[in-house]
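First comes the structure, then the notes that go with it.
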Amino acid sequence: MSMLNISSAVFGLVTALSVIWLVKKNHMHVQYTLWWFAFIILVLIFGLFPKLLDLLGHALGFVYPPSLLFLMALLAIFIKVLLADIERTRTKASFIRLSQKVAILEDQIRILKEHSDGQGADKKD
Amino acid sequence: MNKSNDQNLIIIPAYNESASIDKVVGKCRRLGYSVLVVNDASLDDTANIARQAGARVLDHPQNMGAWIAIQTGMRFAIRHEFSRVITMDADGQHDPEHIACLLEAEVRTGADIVIGACPERASRKRLFAWWMLRKLSGFKVQDLTSGFRLYNLSAVGLLSGRDATLLEYQDLGVLLMLRENEMQITETPVPMQQREAGLSRIFSSWGRVFYYMVYSLMLLAGKRLLSPVRKQEF
């Protein structure tokens with residue numbers, strides 16, 4: 001086993017355990033971990049079988065196959081950020097609409113209070 | 001609010017407008033309109049002053065911008081069964097007397113939205129922005145950023161929805177959404193005052209104008225590049 005094999009196996013293991021720990025501590029939704037595990041699996045595959053990277057790299061026309069790794073890593077991060085922005089947009093809209101609802105409900109409570117106070121005063125009379 | 005004979009709701013989004021809100025609300029009330037002030041988490045006494053002047057007031061838990069404040073007002077309008085919404089600014093630019101102009105234009109044209117226009121008030125920055133947006137959007141609206149508008153029930157229903165919550169400004173995005181849904185847009189001239197107090201938020205600096213333009217261009221790109229070409233009616 002080469003240094004690459006060992007270090008990628010260690011990296012994969014450490015990351016996997018970290019992700020599982022984050023889920024356990026409720027710091028991360030299970031649905032997000034799917035992405036991270038896909039990432040870990042790819043790291044393990046290319047770390048344990050570096051020949052695969054060479055094969056793929058040459059097939060795609062890369063003179064220097066390890067740059068394929070960098071490209072894939074960058075693409076993965078790019079897609080992740082995009083998905084995160086999409087979700088954040090959804091969350092923002094939900095938050096705004098919730099705030100609007102709160103404002104409307106608070107007003108209704110105020111009106112109800114005024115009515116009930118009014119009735120209370122009448123009863124006393 | 002007396003709902004039996006009043007279908008019209010005036011919505012005034014307000015952020016730190018304690019200097020002018022009582023006059024604006026007071027005048028609307030004297031003319032017999034129902035007034036809703038949406039307090040966008042003002043730091044001053046806007047909400048109390050508005051209430052004392054006779055307005056119903058909704059308080060945003062945090063500052064979310066004028067368009068969101070208007071949308072909150074629209075959601076309120078639907079809940080309380082109003083059938084028409086008139087938006088106006090809190091700073092005294094718009095005279096409640098001219099609400100009648102908007103109402104008259106709606107009756108005359110049957111439009112879903114009536115924009116009260118006053119192109120004469122525009123600064124250079126504002127005129128440039130209007131010109132560019134007109135060219136790119138195909139709208140013939142003269143006063144694109146006027147906050148003095150009338151929306152009928154169909155328009156209010158559409159603009160209360162989740163898609164409209166994602167808009168940042170009430171100007172282009174709202175009009176694009178209305179056009180997309182084949183609603184009629186009409187404009188009517190209305191005199192406007194200089195602001196009594198406060199500054200324009202969009203046109204306060206070239207930086208802000210730049211952001212506004214980029215934002216609007218992005219919106220236009222989304223709507224026009226990826227949609228079938230429609231015959232421009234307005």
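The values are calculated or read from the model by the stated rules, or taken from the named source; none is laboratory data. Computed from a predicted model, the values in this text were never measured in an experiment. In this analysis, Cβ positions are derived from the backbone assuming ideal geometry, glycine residues included, and neighbour counts consider all displayed protein chains. Calculation scope for accessible area: heavy atoms of the full protein, side chains included, ligands and nucleic acids excluded. Shrake-Rupley method; radii C 1.70, N 1.55, O 1.52, S 1.80 Å.
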Do any helices (runs of 4 or more DSSP H) entirely within segment B:10-104 hold 2 or more residues that are touching a strand residue (DSSP E or B) at 6+ places or on another chain (Cβ under 6 Å), within 19 Å of B:Ala164 (Cα to Cα) and hydrophobic (A, V, I, L, M, F, W, C), and if so, which? B:66-79
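Please pick out the residue among A:Leu56, A:Leu48 that is at pLDDT 85 or above and surrounded by 13 or more Cβ atoms within 10 Å (Cβ to Cβ). Walk me through how you get there before you give the answer.
On the way: A:Leu48 fails: at pLDDT 85 or above.
Selected residue: A:Leu56, the only one of A:Leu56, A:Leu48 that is at pLDDT 85 or above and surrounded by 13 or more Cβ atoms within 10 Å (Cβ to Cβ).
Filter segment B:22-32 for residues that are closer than 27 Å to A:Arg97 by Cα and open to solvent by 10 Å² or more (accessible area, probe 1.4 Å) and give the result. Walk me through how you get there before you give the answer.
Filtering segment B:22-32 for residues closer than 27 Å to A:Arg97 by Cα gives B:25.
Correct list: empty.
So if I check each of B:Asn39, B:Asn48, which one is at the interface with chain A (Cβ under 9 Å from one of its Cβ atoms), open to solvent by 10 Å² or more (accessible area, probe 1.4 Å) and under 15 Å from B:Asp22 (Cα atoms)? Steps first, please.
On the way: B:Asn48 fails: at the interface with chain A (Cβ under 9 Å from one of its Cβ atoms).
When all the criteria are applied, what remains is B:Asn39.
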Please name all residue pairs, on different chains or six or more residues apart, with Cβ atoms under 7 Å, provided the first residue is in segment A:92-113 and is over 16 Å from B:Ala47 (Cα atoms) and the second residue is open to solvent by less than 20 Å² (accessible area, probe 1.4 Å) and among the hydrophobic types (A, V, I, L, M, F, W, C). A:Ile96/B:Ile68
Take the conditions in a helix (DSSP H, G or I), within 14 Å of chain B (Cβ to nearest Cβ) and at pLDDT 85 or above and apply them to A:Ile86. Does it pass? yes
State which residue is nearest to the other protein chains (Cβ to nearest Cβ) when the search covers only segment B:146-168 and only residues that are within 19 Å of A:Arg97 (Cβ to Cβ) and assigned to a loop (DSSP other than H, G, I, E, B). B:Leu166
Considering only segment A:89-113, state which residues are open to solvent by less than 60 Å² (accessible area, probe 1.4 Å), more than 7 Å from chain B (Cβ to nearest Cβ) and among the hydroxyl-bearing types (Ser, Thr, Tyr). A:Ser94
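Quick one: is B:Ile86 touching a helix residue (DSSP H, G or I) at 6+ places or on another chain (Cβ under 6 Å), crowded, with 23+ Cβ neighbours inside 10 Å, away from chain A (no Cβ under 14 Å) and not hydroxyl-bearing (Ser, Thr, Tyr)? Show your work before the answer.
On the way: touching a helix residue (DSSP H, G or I) at 6+ places or on another chain (Cβ under 6 Å): yes; crowded, with 23+ Cβ neighbours inside 10 Å: yes; away from chain A (no Cβ under 14 Å): yes; not hydroxyl-bearing (Ser, Thr, Tyr): yes.
Answer is yes for this residue.
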Looking at (1) closer than 22 Å to A:Ser99 by Cβ; (2) under 14 Å from the mean Cα position of the chain (by Cα), find the lone condition where B:Asn16 falls short. (2)
Any residue at all in segment B:83-90 that's modelled with pLDDT of 95 or more and over 29 Å from B:Pro191 (Cβ atoms)? no
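Of the residues that make up segment B:89-103, is at least one of a type in the set (Asp, Glu), over 17 Å from B:Tyr33 (Cβ atoms) and either surrounded by 22 or more Cβ atoms within 10 Å (Cβ to Cβ) or away from chain A (no Cβ under 14 Å) (or both)?
First, the residues of segment B:89-103 that are of a type in the set (Asp, Glu): B:89, B:91, B:95, B:97.
After this cut, where a residue has to be over 17 Å from B:Tyr33 (Cβ atoms) as well, the list is B:91.
If we keep only those that are either surrounded by 22 or more Cβ atoms within 10 Å (Cβ to Cβ) or away from chain A (no Cβ under 14 Å) (or both) too, we end up with B:91.
Yes, segment B:89-103 contains a residue that is of a type in the set (Asp, Glu), over 17 Å from B:Tyr33 (Cβ atoms) and either surrounded by 22 or more Cβ atoms within 10 Å (Cβ to Cβ) or away from chain A (no Cβ under 14 Å) (or both).
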Checking B:Trp67 against (1) in contact with a helix residue (DSSP H, G or I) (Cβ under 8 Å, 6 or more places away or on another chain); (2) within 14 Å of chain A (Cβ to nearest Cβ); (3) buried (at least 24 other Cβ atoms within 10 Å of the Cβ), the condition it does not meet: (3)
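Can you go through B:Leu175, B:Leu136, B:Leu159, B:Leu153 and tell me which one is surrounded by 14 or more Cβ atoms within 10 Å (Cβ to Cβ), touching a Leu at 6+ places or on another chain (Cβ under 7 Å) and modelled with pLDDT of 85 or more? Write out each step before concluding.
Working: B:Leu175 fails: touching a Leu at 6+ places or on another chain (Cβ under 7 Å); B:Leu159 fails: touching a Leu at 6+ places or on another chain (Cβ under 7 Å); B:Leu153 fails: touching a Leu at 6+ places or on another chain (Cβ under 7 Å).
Result of the check over B:Leu175, B:Leu136, B:Leu159, B:Leu153: B:Leu136.
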